[in-house]
Amino acid sequence: MDNLQIALVGAGVMGRQHIEVIARSSAARLCAIADPGPETEALADGLGVACFADPDALLERVRPDAVIVANPNALHVTTALQCVERGIPVLLEKPVATDLAQVRQLVDACERTRVPVLVGHHRRHNPLIVRARQLLDEQALGRLTTVTAMWQLQKPDSYYDAPWRRGPGAGLLLTNLIHDLDLLRYLCGEVRQVQAFLDNGVRGFDNEDSAAVILRFENGAVGSLTASDAVAAPWSWELDAGENPVYPRQFDQPCYLLAGTHGALSLPQLQRWQYVQPGDGWHQPLLRHSEPIPAGDALSRQFDHFLAVVRGEAAPLIDAADAGRTLALVEAIERAAQTGSTYEPERL
Ligand SMILES: NC(=O)c1ccc[n+]([C@@H]2O[C@H](COP(=O)([O-])OP(=O)(O)OC[C@H]3O[C@@H](n4cnc5c(N)ncnc54)[C@H](O)[C@@H]3O)[C@@H](O)[C@H]2O)c1
């Protein structure tokens, strides 16, 4: 298993990022692409790999060691099941599925076949998040009490030229906030209850352009997530964390503020605040400490982890059930906003 043969299903914007990541790896190579789009053949020719319109034909003919699935959301589970039933491990883009019934189907198949699926919530692999999680595990903040998350930026109007992006189900909650909600679960623990407002007042499309969510975590912490993709503002993981160079970075602006009884942490800057003595309070200076910012690319680290999963050396950092709990949180927020009531995410 020295040079793993990786196939890609779905060679759009995200699939092409995966192609670049594979090209940088010395432990794996791309062997085939499946995508019915008109540009696939030229892309595959340029890369010198086999090309198929249909993933099933690829799986039958090429028999790769592993598959990366980056096709449209509604096809995720069907494609992942085609791989899992053939014993082929999968890196499946987020969201894991479009509803929880599909997630359960995939979880059952993974358990029955013992074939692993890693879901592409790649931010969990970012070294900044790895360090933040370590600090929280070490109780560096004491009892986590409040969580303030922001996702506030401006998408260009041209983003909405594609009609499907203006329709129900393609709003920022499932497309973008699912990443933030996954990180909040990963860092702060499971969410017990949510309340939410979703609004489309700025763009006027059939999906939300702004959101305000209130969260109560199982560990007792409370939090908020405010979001809009129609504001000229610098507070979002995309602009602040520098993960993707297509978004000019705002180095000094945070998007997550976590506060506990012994300290506070801002992300992605990894700045910590603490008093010198236990029992000190607002009359004493609150000291700020900047953690060294660890280097490393989240997508490459995710891919290296996936190779370890394929070799049987690691369990997926985020499997279908775990990603399903993030989807359940998204669904609870949608229901809370529709009804005006408090909702609990469905259990998986
Ligand atoms: N992890 C991230 O940060 C991130 C970012 C962007 C997109 N994504 C996810 O990646 C996936 C793809 O998004 P995108 O932005 O690349 O979309 P896209 O529209 O650019 O690409 C989708 C590709 O899938 C192809 N496709 C359609 N039907 C297919 C089929 N039956 N079999 C194989 N391929 C098929 C299309 O031709 C297209 O090339 C989505 O699930 C999205 O949520 C993840």
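The values are calculated or read from the model by the stated rules, or taken from the named source; none is laboratory data. Predicted model, so just to flag it, every value in this text is computed and none were measured. Using ideal geometry, Cβ is built from the backbone for each residue, glycine included, and neighbour counts are taken over all protein chains shown. Side chains included, ligands, DNA and RNA excluded: accessible areas come from the protein's heavy atoms. Shrake-Rupley method; radii C 1.70, N 1.55, O 1.52, S 1.80 Å.
Being assigned to a loop (DSSP other than H, G, I, E, B) and open to solvent by less than 40 Å² (accessible area, probe 1.4 Å) is the filter; apply it to region 222-243 and report the residue that is farthest from G260 (Cα to Cα). I'd like the intermediate steps shown before the answer.
Narrowing region 222-243 to residues assigned to a loop (DSSP other than H, G, I, E, B): 229, 236, 242-243.
Subset that is open to solvent by less than 40 Å² (accessible area, probe 1.4 Å): 229, 236, 242.
Details: D229: 29, S236: 22, G242: 26 Å.
Ranking the candidates gives D229 first.
Contact map, region 1-28: residues that are without any contact (Cβ under 8 Å) to a residue 24 or more places away in the chain paired with residues that are open to solvent by less than 80 Å² (accessible area, probe 1.4 Å) and basic (K, R), Cβ distance under 8 Å, separation 6+ or inter-chain. No pairs are found.
Evaluating D54 against the criteria (1) touching a Leu at 6+ places or on another chain (Cβ under 8 Å); (2) near the ligand (Cβ under 8 Å from one of its atoms) leaves one unmet condition, (1).
So if I check each of T113, T98, which one is open to solvent by 10 Å² or more (accessible area, probe 1.4 Å), on the phi < 0 side of the Ramachandran plot and away from the ligand (no atom under 16 Å from the Cβ)? Show your work before the answer.
On the way: T98 fails: away from the ligand (no atom under 16 Å from the Cβ).
Every option except T113 fails the conditions.
Before we move on, is A70 near the ligand (Cβ under 8 Å from one of its atoms), in contact with a His (Cβ under 9 Å, 6 or more places away or on another chain) and of a type outside the set (K, R)? Yes, satisfied. P163 fulfils the conditions (1) touching a residue at least 12 places away in the same chain (Cβ under 8 Å); (2) within 13 Å of the ligand (Cβ to nearest atom) except for a single criterion, (1).
The residue that is farthest from H121 (Cα to Cα), counting only those in region 258-311 that are β-branched (V, I, T) and open to solvent by 60 Å² or more (accessible area, probe 1.4 Å), is V276.
Looking at the structure I just gave you, is V103 part of a helix (DSSP H, G or I) and either under 30 Å from R165 (Cα atoms) or within 10 Å of the ligand (Cβ to nearest atom) (or both)? Against the criterion (part of a helix (DSSP H, G or I) and either under 30 Å from R165 (Cα atoms) or within 10 Å of the ligand (Cβ to nearest atom) (or both)), V103 qualifies. Selection of region 1-18 for residues being among the hydrophobic types (A, V, I, L, M, F, W, C), within 15 Å of the ligand (Cβ to nearest atom) and open to solvent by 20 Å² or more (accessible area, probe 1.4 Å) yields V13, M14. Considering region 202-213 alone, what residues qualify as being open to solvent by 60 Å² or more (accessible area, probe 1.4 Å) and out of contact with any helix residue (DSSP H, G or I) (no Cβ under 9 Å at 6 or more places or on another chain)? If the condition is that a residue be open to solvent by 60 Å² or more (accessible area, probe 1.4 Å) and out of contact with any helix residue (DSSP H, G or I) (no Cβ under 9 Å at 6 or more places or on another chain), then V202 is the only one that fits. Does G46 satisfy the condition of being more than 25 Å from R123 (Cα to Cα) and away from the ligand (no atom under 14 Å from the Cβ)? For G46, the condition - more than 25 Å from R123 (Cα to Cα) and away from the ligand (no atom under 14 Å from the Cβ) - is met.
Taking the condition closer than 20 Å to R272 by Cα, assigned to a loop (DSSP other than H, G, I, E, B) and not hydrophobic (A, V, I, L, M, F, W, C), does G142 pass? Steps first, please.
Values: closer than 20 Å to R272 by Cα: yes; assigned to a loop (DSSP other than H, G, I, E, B): yes; not hydrophobic (A, V, I, L, M, F, W, C): yes.
Taking the combined requirement at face value, the residue satisfies it.
A single entry from R112, R29 fulfils the requirement of being in a helix (DSSP H, G or I) and either among the basic types (K, R) or in contact with a Ser or Thr (Cβ under 7 Å, 6 or more places away or on another chain) (or both): R112.
Name the residues in region 54-68 that are assigned to a loop (DSSP other than H, G, I, E, B) and surrounded by fewer than 14 Cβ atoms within 10 Å (Cβ to Cβ), would you? It would help to see each step written out before you state the result.
So the first thing to find is which residues in region 54-68 are assigned to a loop (DSSP other than H, G, I, E, B), and the list is 54, 63-65.
Matches in region 54-68: D54 only.
Looking at this structure, is R29 more than 15 Å from the ligand (Cβ to nearest atom) and under 22 Å from the mean Cα position of the chain (by Cα)?
On the way: more than 15 Å from the ligand (Cβ to nearest atom): yes; under 22 Å from the mean Cα position of the chain (by Cα): no.
Criteria not met by R29.
Those residues that are touching a residue at least 60 places away in the same chain (Cβ under 8 Å) and outside any strand (DSSP E or B), I need them from region 255-277; list them, please.
Step one: of region 255-277, the residues touching a residue at least 60 places away in the same chain (Cβ under 8 Å) are 255-265, 267-268, 270, 272.
Across region 255-277, the qualifying residues are C255, T261, H262, G263, P268, L270.
Against the test of being open to solvent by less than 20 Å² (accessible area, probe 1.4 Å), in contact with a strand residue (DSSP E or B) (Cβ under 7 Å, 6 or more places away or on another chain) and more than 16 Å from the ligand (Cβ to nearest atom), the options L141, L172 yield a single qualifying residue, L141.
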